[in-house]
1. In percent, what relative contact order does the chain have, based on Cα pairs under 8 Å that are 6 or more apart in sequence?
2. Assuming a ≥ b ≥ c are the square roots of the Cα gyration tensor eigenvalues, decide whether segment 18-169 counts as rounded (a/c under 1.5), prolate (otherwise, with a/b larger than b/c) or oblate.
3. Give me the distance in nm between label points sitting 7 Å out from Cα along the Cα-to-Cβ direction at residue 73 and residue 152, one decimal.
4. Return the FRET efficiency for the residue pair residue 39, residue 172: r is the Cβ-Cβ distance, R0 is 35 Å, and the value is rounded to the nearest 0.05.
5. So for each of 22-34, 77-89 I average, over its residues, the number of other beta carbons within 10 Å; can you give me the resulting order with the highest mean first?
């Protein structure tokens, strides 16, 4: 895998669902949360929502400053849009995860207790990506903000995650 900044810029200007950017966001999240090899990120369904926060600095900023403040209706709308986009991408992200596992980029493990799939990085196959953090400096910064704002992110269940990320910030959600 060879990375260059021009390739990243091309990714950022594509419209619609950019699966390369989703893939990079997943790798960045898993690396930031230290979900590598035998340490798994519980329940891939949380990733479909978190991808938005890695890509979008505004969303990362909202969760960072909203811990003890009431959000404006504009910020609530941005958060709600991230929720609906996450819901709409669920099956596509699952397909992407299976594809990444097939290429030995990540490890997937069935979690019978939570009836979900857990994810971890396969470190030996992504060394070049891990060593090239400068290209994704903004995304790593967003991922660190997310990690700081949402405690125990890699191990909480989906309902607790959605409550912490959306409902505690004043959004009313339908259960998934």
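1. Working: 196 pairs, mean separation 63.9, N = 176.
Relative contact order, the chain: 36 percent.
2. Details: a/c = 1.76, a/b = 1.40, b/c = 1.26.
Judged from the Cα gyration tensor, segment 18-169 comes out prolate (a/c at least 1.5, a/b above b/c).
3. 3.6 nm
4. Numbers: r = 34 Å, r/R0 = 0.97.
Calculated transfer efficiency: 0.55.
5. Values: 22-34: 21.5, 77-89: 16.4.
Ranked by mean Cβ neighbours within 10 Å, highest first: 22-34, 77-89.
Quick note: the coordinates plus some simple rules give every number you see, no bench work behind them. Because the structure is a prediction, the values reported are computed rather than measured. Counting neighbours? That spans all protein chains shown, and the Cβs are built from the backbone with ideal geometry, glycine included.
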